[in-house]
1. Starting from segment 54-77, keep only residues that are touching a residue at least 60 places away in the same chain (Cβ under 8 Å), then list their pairs with residues that are outside any loop (DSSP other than H, G, I, E, B) and β-branched (Val, Ile, Thr) whose Cβ atoms are within a distance under 7 Å, requiring at least 6 positions of separation or different chains.
2. Look through 116, 86, 137 and report the one residue that is of a type in the set (Lys, Arg), under 25 Å from residue 16 (Cα atoms) and surrounded by fewer than 22 Cβ atoms within 10 Å (Cβ to Cβ).
3. Condition first: part of a helix (DSSP H, G or I), in contact with a Pro (Cβ under 8 Å, 6 or more places away or on another chain), touching a residue at least 12 places away in the same chain (Cβ under 8 Å) and not basic (Lys, Arg). Can you find one or more residues in segment 120-134 that meet it?
4. Restricting segment 52-70 to residues that are among the aliphatic types (A, V, I, L, M) and either in contact with a Pro (Cβ under 6 Å, 6 or more places away or on another chain) or in a strand (DSSP E or B) (or both), which is surrounded by the most Cβ atoms within 10 Å (Cβ to Cβ)?
5. Checking residue 73 against (1) at pLDDT 95 or above; (2) touching a strand residue (DSSP E or B) at 6+ places or on another chain (Cβ under 7 Å); (3) not small (Gly, Ala, Ser), which single condition isn't satisfied?
6. Considering every residue within segment 28-47, establish whether at least one is in contact with a helix residue (DSSP H, G or I) (Cβ under 7 Å, 6 or more places away or on another chain) and surrounded by 21 or more Cβ atoms within 10 Å (Cβ to Cβ).
7. Answer yes or no as to whether residue 111 is surrounded by fewer than 18 Cβ atoms within 10 Å (Cβ to Cβ) and not aliphatic (A, V, I, L, M).
8. Here are the criteria: (1) in contact with an Asp or Glu (Cβ under 8 Å, 6 or more places away or on another chain); (2) over 25 Å from residue 32 (Cα atoms); (3) modelled with pLDDT of 95 or more. Tell me which single one residue 134 does not satisfy.
Amino acid sequence: MTAGSFRVAPLRQEQAEDICTWQYPPPYDCYDMTDVDPDDLLSTERGFHAVLDGDRLIGFRSFGADGQVPGWDYDDSALDTGGGLRPDLVGQGLGRAAITAGLAYGRSAFSPPGFRVTVAEFNLRAVHTVESLGFERVGRFAATTGGRPFGVFVRPERAQHSVMWRD
């Protein structure tokens, strides 16, 4: 698997069905996809896309509201993006390349002023990865569903400007 060869493409039915079987070990089991309907992932409003290594599904990226967590006051200053890797690929150093492929796709498809990711605070691997990609923390909050703490990170795409912190 060559991390530089990842690409993002529209999600197909069989890929959505595969993603809906993904289960992660604790504490990452909050990311399990088993309660998701594959047809929901295929909805254009949800913004899900496949991350591929050649033709092999290795993860997904989403663009838009799916990357938002209830409890933060989101605005249109950046495009929300989220994603995940196949459970058997987590922890192998592939997240950075998968996110980079997603950002490149999002940049060309949506031309956003910036990107925003919302990351569970306990997921230190993801926090370090997004920070290594130039995302800056702009705040923390507790999700209104479950109370889990999250961090919000932004990476401007156009004119670089300072990002204000808020809680």
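The values are calculated or read from the model by the stated rules, or taken from the named source; none is laboratory data. Note that the structure is predicted; figures quoted are calculated from it, not measured. For neighbour counting, all protein chains shown are included, and Cβ atoms are generated from backbone atoms with ideal geometry for every residue, glycine included.
1. 69/118; 72/118; 72/152
2. Values: 116 fails: surrounded by fewer than 22 Cβ atoms within 10 Å (Cβ to Cβ); 137 fails: under 25 Å from residue 16 (Cα atoms).
Among 116, 86, 137, only 86 is of a type in the set (Lys, Arg), under 25 Å from residue 16 (Cα atoms) and surrounded by fewer than 22 Cβ atoms within 10 Å (Cβ to Cβ).
3. Residues of segment 120-134 part of a helix (DSSP H, G or I): 124-132.
Still in the running and in contact with a Pro (Cβ under 8 Å, 6 or more places away or on another chain): none.
Scanning segment 120-134 turns up no residue that is part of a helix (DSSP H, G or I), in contact with a Pro (Cβ under 8 Å, 6 or more places away or on another chain), touching a residue at least 12 places away in the same chain (Cβ under 8 Å) and not basic (Lys, Arg).
4. Initially, segment 52-70 is screened for residues among the aliphatic types (A, V, I, L, M), giving 52, 57-58, 65, 69.
Among the residues that remain, those that are also either in contact with a Pro (Cβ under 6 Å, 6 or more places away or on another chain) or in a strand (DSSP E or B) (or both) are: 52, 57-58.
On the way: 52: 17, 57: 18, 58: 20.
So the residue we want is 58.
5. All conditions are met except number (2).
6. Pass one, segment 28-47, residues in contact with a helix residue (DSSP H, G or I) (Cβ under 7 Å, 6 or more places away or on another chain): 33, 38, 41-42, 46-47.
Still in the running and surrounded by 21 or more Cβ atoms within 10 Å (Cβ to Cβ): 41, 47.
Yes - at least one qualifying residue is present in segment 28-47.
7. On the way: surrounded by fewer than 18 Cβ atoms within 10 Å (Cβ to Cβ): yes; not aliphatic (A, V, I, L, M): yes.
The answer is yes for residue 111.
8. It is condition (1) that residue 134 fails.
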